[in-house]
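Single-structure report; data block below.
The values are calculated or read from the model by the stated rules, or taken from the named source; none is laboratory data. Keep in mind it's a predicted model, so treat the numbers as computed, not measured. So basically every Cβ, Gly included, is an ideal-geometry build from the backbone, and we count neighbours across all protein chains shown. The accessibility values were calculated without ligands, DNA or RNA, using every heavy atom of the protein model including side chains. Shrake-Rupley method; radii C 1.70, N 1.55, O 1.52, S 1.80 Å.
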Amino acid sequence: MKFITIDKKDWAKGIEKSRETYRLFGPVKDKNEFFIKSLENDILPDMDYYDSIMSAKAIIFPQTEKMLFTTLDESKEDHHIMKKVETDDSPRAIVGIRPYDAKAMELVKLNFDTDDYRDPYWCDAYEATTFIGLGITKPGPFDFSTSTGTGPFCEDGLDVLLADLDDKYLAKVLTDKGEVFMGACGFKTQADEKESQVLFDILRKESEKNIASHIDTDKLKEKTILELHEAPFWDDIAFSCINCGTCTYVCPTCWCFDIQDEVKQKESVRLRIWDTCMSPLFTRHATGHNPRATKTQRVRQRFMHKMKYFLDKYDQGIMCVGCGRCVKSCPVNIDIREVCNIMNSYEKQA
């Protein structure tokens, strides 16, 4: 591990230099909001952004992704044989990713890279990506990341963590991939390790003190699935839900998808498309039967997955990094923090 000082006057030049090796992604302002986008045509990451509407998950897990293709032209020898679509897995870097979004990638990886199966689309994209994090010095009102094992200066899942020091950035290089990226930018001015670590610790503690929102998760593990599943509070929580799915799309740890085949003339392509457990179609069988036909069942599934099923299966905390995007974006003000606390404190009546 080492620390590198980057003068902001040299920042743009270094980022441009890295384009020789990397495809770049980062925060870009669009009207009044920020989005994580491809940094084309000399666009630089906006490092003054406060938060992005969506996380960086679409860089690794696109909203619509071509997986397989085939020709239906029977005059061709390989007709009706599905083949993998060529993907661009050349080195890429996400510059300015929030620490909790990098941590979310690690949680999602538990689903796509297992002992039984490795999803080549997700894993190849993930392994080709270098994550350059930007510490959060001014947490927003929806941030509760310190309650979920992340935080404004969490290092999990990052290759480099940057601290904004007004006229310069202090970079904490965490992995070999991070060091290679720093070299590709030409950032080489090393800082004193001990002094730099003390500064990072101070910034982290000051930032964490400014996070006013918290949740309790300490009792979730001891509760049984049936105890929470049959709890009486789900109708009240789901009452205002309109099943729009916004919470799942903005969530950095949601990974649900649908598979669809599309045919145009004599060409067929198989697509993977984001889906949402909030949709009635998500669980509807070909017979017409739907095991989660009501919105209460769907809302319960979402929160049980986040707070209980994931926790029990992986034993790595809840499936939430505390970014607060779902709270901010929900049109009917359903708040995952309140739901988590209700679940955590629930005691079944005798």
Selection from the range 294-314 of residues assigned to a helix (DSSP H, G or I) and among the polar types (S, T, N, Q) yields THR296, GLN297, GLN301
The helices (runs of 4 or more DSSP H) lying wholly within the range 206-291 that contain at least 3 residues that are more than 19 Å from SER329 (Cα to Cα) are 225-229, 234-238
I'd like the full set of residues that are part of a loop (DSSP other than H, G, I, E, B) and free of Cβ contacts under 8 Å to residues at least 24 places away in the same chain, limited to the range 111-131. THR114, ASP115, ASP116, TYR117, ASP119
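Residues are listed down the side, and each one gets a yes or a no for (1) open to solvent by less than 10 Å² (accessible area, probe 1.4 Å); (2) of a type outside the set (Lys, Arg); (3) under 21 Å from GLY324 (Cα atoms):
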| site | (1), (2), (3) |
| --- | --- |
| THR114 | no, yes, no |
| CYS123 | yes, yes, no |
| THR129 | yes, yes, no |
| PHE144 | yes, yes, yes |
For the range 132-167, how many residues meet the condition of being part of a strand (DSSP E or B) and under 15 Å from ASP46 (Cα atoms)? 6
Could you list, in sequence order, the residues of the range 318-341 that are assigned to a loop (DSSP other than H, G, I, E, B) and either under 18 Å from the mean Cα position of the chain (by Cα) or among the hydrophobic types (A, V, I, L, M, F, W, C) (or both)? ILE318, MET319, CYS320, VAL321, GLY322, CYS323, GLY324, CYS330, VAL332, ILE334
Would the range 263-270 turn up any residue that is surrounded by 13 or more Cβ atoms within 10 Å (Cβ to Cβ), basic (Lys, Arg), more than 25 Å from the chain's Cα centre (by Cα) and at negative phi? yes
Which of (1) modelled with pLDDT under 95; (2) exposed (fewer than 13 other Cβ atoms within 10 Å of the Cβ) does LYS313 not meet, given it meets every other one? (1)
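So, ASP88, is that one outside any strand (DSSP E or B), surrounded by 14 or more Cβ atoms within 10 Å (Cβ to Cβ) and out of contact with any Cys (no Cβ under 6 Å at 6 or more places or on another chain) or not?
The answer is no for ASP88.
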Residue that is most open to solvent (accessible area, probe 1.4 Å), among those in the range 35-69 that are aromatic (Phe, Trp, Tyr) and not in a loop (DSSP other than H, G, I, E, B): PHE69
Given the conditions (1) in contact with a Cys (Cβ under 8 Å, 6 or more places away or on another chain); (2) open to solvent by 50 Å² or more (accessible area, probe 1.4 Å); (3) under 22 Å from ALA212 (Cα atoms), and given that ILE342 satisfies all but one, which numbered condition is not satisfied? (1)
Please identify the pairs in which a residue from the range 8-20 that is touching a residue at least 60 places away in the same chain (Cβ under 8 Å) and open to solvent by 40 Å² or more (accessible area, probe 1.4 Å) has its Cβ atom under 6 Å from the Cβ atom of a residue that is outside any helix (DSSP H, G or I) and not acidic (Asp, Glu), counting only partners at least 6 apart or on another chain. LYS8/LYS168; LYS17/GLY186
Can you list residue pairs whose Cβ atoms sit under 6 Å apart, with the first residue in the range 184-200 being at pLDDT 95 or above and the second being open to solvent by 80 Å² or more (accessible area, probe 1.4 Å)? Count only pairs 6 or more apart in sequence or on different chains. CYS185/LYS17; GLY186/LYS17
